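Data first, discussion second: the structure below is written as structure tokens.
The values are calculated or read from the model by the stated rules, or taken from the named source; none is laboratory data. Model, not experiment: these values are computed from the prediction. Because the Cβ atoms are built from the backbone with ideal geometry, glycine has one as well, and the counts that use them run over all protein chains shown. These accessible areas exclude ligands, DNA and RNA; they are computed on the full protein's heavy atoms, side chains included. Shrake-Rupley method; radii C 1.70, N 1.55, O 1.52, S 1.80 Å.
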Amino acid sequence: MKNYYKLLILVSFLFFVDKVSAQKNGNSDGAKKNILKINLSALIFKNASLQYERVVNRNMSVALGVSIMPKTDLPFKNTLMDEFGDNADAKRAIETTQLSNFSITPEVRFYVGKKGAPNGFYIAPFARYNHLAFEQLYQYTAANGKIHKPLIGGKINNYGAGILFGTQWSLGKCVTLDWWIAGPYIGSMNGDLVGFDDMSDLSATDRTKLKNDIEDVNIPLTKTQATIGNNRVDVNLSGGFIGVRTFGFALGYKF
């Protein structure tokens, strides 16, 4: 409940600033061409997501979003544990996975309503660069019974483009609420992961089985290649991906 109180205080503060600014400066809504927004939905995932939007003419604006998530557990970790915790492999993966993320998203918005930018329904072509750091404890039992537990980690980069559909409302002269309804996008990805462990005792059969186990992980549109050495495992990811920006709510301040 504390988060809801904080949100209520934030909204109240912005409305207070809105009234004071309007009374002091006498600016009309149309004179405010800049909006600084925070994505409220992203806070659920411990993700700090900000966007700056600039109106360039009556029906168009440009925007730039930046999102940063520090190293953290899987989102909805407890829910996943309740669902899959009875499986030892799934439980270990959920408990040991750590993620961090950075993304930057430029977009161009076309407002189609009579009010014009930055109000009403919009269509926004966008591009996105996403950098993900990942680590997870991987367990493999060799034919001789020895258990290997390399901590596999590395970085994955995504480059994509798509179209976002959304709508934005003015809540007074200085406050906005932006709803990102849906934004499908496609792109390419590449990544390199590595894990260290003493695997010098693995037989040729064990090495082949471990390689196949890793490469058989089903990631749509992605090719996975694993190399098993005497003291490390290397995994290369490449291919395409499909993503979606959906159901985001951003609270903004116009100036």
Set Ala117, Ala143: member being in contact (Cβ under 8 Å) with a residue 24 or more places away in the chain, open to solvent by 50 Å² or more (accessible area, probe 1.4 Å), more than 26 Å from Ile242 (Cα to Cα) and not in a strand (DSSP E or B): Ala143
Would you please name the residue that is surrounded by the most Cβ atoms within 10 Å (Cβ to Cβ), looking only at residues in segment 224-255 that are among the charged types (D, E, K, R) and closer than 30 Å to Ala42 by Cβ? Lys254
Based on what the data block shows, is Asn59 open to solvent by 50 Å² or more (accessible area, probe 1.4 Å) and without any contact (Cβ under 8 Å) to a residue 40 or more places away in the chain? no
Test: residue in segment 199-207 that is among the polar types (S, T, N, Q) and over 18 Å from Lys149 (Cβ atoms): yes
Would you point out which residue out of Gly183, Gly172 is open to solvent by 30 Å² or more (accessible area, probe 1.4 Å), within 30 Å of Lys115 (Cβ to Cβ) and of a type in the set (Gly, Ala, Ser)? Gly172
Which one of Arg207, Arg245 is among the basic types (Lys, Arg) and touching a residue at least 60 places away in the same chain (Cβ under 8 Å)? Arg245
Given (1) surrounded by 14 or more Cβ atoms within 10 Å (Cβ to Cβ); (2) over 30 Å from Ser49 (Cβ atoms), Asp201 misses just (1)
Number of positions in segment 210-229 that are at negative phi and at pLDDT below 90: 10
Restricting to segment 146-168, name every residue that is assigned to a strand (DSSP E or B) and open to solvent by 40 Å² or more (accessible area, probe 1.4 Å). Ile147, Leu151, Lys155, Tyr159, Ala161, Ile163, Phe165
The residue that is farthest from the chain's Cα centre (by Cα), considering only those in segment 40-73 that are outside any strand (DSSP E or B) and within 19 Å of Thr246 (Cβ to Cβ), is Leu40
Go through segment 78-94 and give me each residue that's surrounded by 12 or more Cβ atoms within 10 Å (Cβ to Cβ) and assigned to a helix (DSSP H, G or I). Leu80, Met81, Glu83, Phe84, Ala90, Lys91, Arg92, Ala93, Ile94
Exactly one of (1) touching a strand residue (DSSP E or B) at 6+ places or on another chain (Cβ under 7 Å); (2) without any contact (Cβ under 8 Å) to a residue 40 or more places away in the chain is unmet by Gly183. Its number? (2)
Which condition does Thr176 not pass, out of (1) within 15 Å of Gln51 (Cβ to Cβ); (2) hydroxyl-bearing (Ser, Thr, Tyr); (3) free of Cβ contacts under 8 Å to residues at least 60 places away in the same chain, if it passes all the others? (3)
